[in-house]
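Written out below as structure tokens is the structure these notes cover.
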Amino acid sequence: MKTTLKKIALLIILIITASTLYAENTGKIINNKCRTNLKLLNESTQKMLEKHNYDLPPWRPLEVFYKETKLFEVLDKLPTPPTLDCRYYLASLGSKDYQWCCELHGVIDGDKTVSFKYHEHAMMGKINSKYEKIPEYSVAVKSMLHWTNYRQTFSELMIYHFNMNPISTILFGIFAITIVYVIYKAIY
């Protein structure tokens, strides 16, 4: 009996120790990947504008802009979005005042910050109010803001908590299983 308890305690300690290695803020990782893509697009557009004189449109999807302009000269391939809901658009008030915008994360330089849950991730988006004059940008902002009302499913919530703090999630799971086991033994 004592050796069994020792083995169980050792297994629990091993699981808890190993799980701390997997703790990561997945939302922050996704945010950083998207911001890297936006920064790359902003820098590539700036390089393209230095080589060629373009009048930037107020709003353009990345794929269309890539085909219409000579962006391909400075950007070998289009950046890969980190999520399915990341779509990139150019928001411009002129060739000197522009930013690339992600439909999920917003812009890099914004004056408003929004926190929200995106499935099992905690995300943050930025909004720049000066581009809200562009009707399409306002639609993209509304698309991002609809995630502030998103309610996670139970499984997404558990995955989120496990990603942020695996130890407490495992301990909570062990506690819940123990309660169910005690109730089961009391009934049967």
The answer for the chain, counting only DSSP H helices whose Cα atoms cover 24 angstrom or more along the axis and whose Kyte-Doolittle average is -1.0 or greater, is 2-20, 26-51, 166-187
Of all trypsin sites (Lys or Arg not before Pro) in the range 96-125, which ones are in loop regions per DSSP and have a Cβ with at most 13 other Cβ atoms within 10 Å?
-> K96
When the helices in the chain are scored as -39500 (n - 2.57) per DSSP H run of 4 or longer and the sum is shared across all residues, what 222 nm value do you end up with, to the nearest 500 deg cm²/dmol?
-> -17000 deg cm²/dmol
Enumerate the lysines that K96 could reach by cross-link, defined here as Cα to Cα under 28 Å, with residues fewer than 8 away along the same chain left out.
-> K33, K39, K47, K51, K67, K70, K77, K112, K126, K130, K133, K142
Chymotrypsin sites (Phe, Trp or Tyr not before Pro) restricted to the range 137-177 and DSSP loop, no more than 15 other C-beta within 10 Å = Y150
State, to one decimal in nm², a quarter of the convex hull surface area for the C-alpha atoms of the chain, i.e. the direction-averaged projected area.
-> 14.8
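Throughout, read-outs are computed from the coordinates displayed, never taken from laboratory work. Just so you know, these numbers come straight off a predicted model, no measurement behind them. So basically every Cβ, Gly included, is an ideal-geometry build from the backbone, and we count neighbours across all protein chains shown.
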